[in-house]
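Notes follow once the structure below has been shown.
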Amino acid sequence: MPDLKYTTITLASCDPDYLETAYTHCTDIAAGLITSGHAVSARFGQILTGDHVGCIIFFATYPGLEAMGAGWDHVSQSDAFKAMGSSGKARLMLRNVLKLEDVFLTEPPAMEPTVGVVTRFSSPTPYVEEMKSLLPIFAANGALITRYGTLMTGSAAGQRLMAVAYPSMEAVEATYDALAESDAYINAVTGAEVSFRNFFRFAP
């Protein structure tokens, strides 16, 4: 497992008729972050539920703050980012930083994810052990990637965020059915207050 310490979560509104073009630019941005060595991973897609339905969500994970800052500079200077900004059809809405905890699935993903779920909640402690106790349930029901930590920026700074990537909606359903029947899950959510849970679809 690479050294993963921070994930940035960027949201951009996008006109429906521009989505395909925006995805092309996001593909270039993600590839640039990886090939430049700044980011360890970068993926993106479209939010399907909640207040920001239809918006593009872009995740980039970094080994440290220096790499993250360099990644931001790289993106801001890229032709793809400039093209999206000048189009008038895609507008940057927010970028928040998630400080990651050691809550990762250990096996590399066997396939590319198609859907994901982002859950944000408040808790009295970082809930690291509680989230670790749930990893076997996620893995057994098809989850491919997990990112968990505390938001450092934005209006929800200090809240926890869990992002999980899946191969299908069937895997999402199976996971949440299993969680609902799990004592570990019931114990984990005691004292936690969920702010939102949203679905998103990864770009093809």
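The values are calculated or read from the model by the stated rules, or taken from the named source; none is laboratory data. No experiment lies behind these values; they were computed from the predicted model shown. Quick reminder, even Gly has a Cβ in these numbers, built from the backbone with ideal geometry, and neighbours come from all protein chains shown. In case anyone asks, the SASA skips ligands and DNA or RNA and just uses the protein heavy atoms, side chains included. Shrake-Rupley method; radii C 1.70, N 1.55, O 1.52, S 1.80 Å.
Remark: the stretch 26-84 carries 45 Å² of accessible area per residue (probe radius 1.4 Å; ligands, DNA and RNA excluded). If Lys and Arg each add +1 and Asp and Glu each add -1, what is the summed charge of the other residues whose beta carbon sits under 11 Å from the beta carbon of E129? Overall, the nearby charge balance is -2.
Classify the stretch 30-118: rounded, prolate or oblate, from the alpha-carbon gyration tensor (a ≥ b ≥ c, eigenvalue square roots; a/c under 1.5 rounded; otherwise prolate if a/b is larger than b/c)? Because a/c hits 1.5 or more and a/b fails to exceed b/c, the stretch 30-118 counts as oblate.
Share of carbon and sulfur in the accessible area of the chain stands at 55%, probe radius 1.4 Å. Can you give the local net charge around I57? Use residues other than it whose beta-carbon is closer than 10 angstrom to its beta-carbon, Lys and Arg +1, Asp and Glu -1. Neighbourhood net charge equals +2.
P(r) tail, the stretch 97-179: Cα-Cα pairs separated by more than 23 Å, 20% of all pairs.
Working note: Cα gyration tensor of the chain, eigenvalues times five, square-rooted, sorted largest first, giving semi-axes of 28, 18, 16 Å.
Over every Cα atom in the stretch 62-105, the radius of gyration and the widest Cα-Cα span, Dmax, amount to 13.7, 39 Å.
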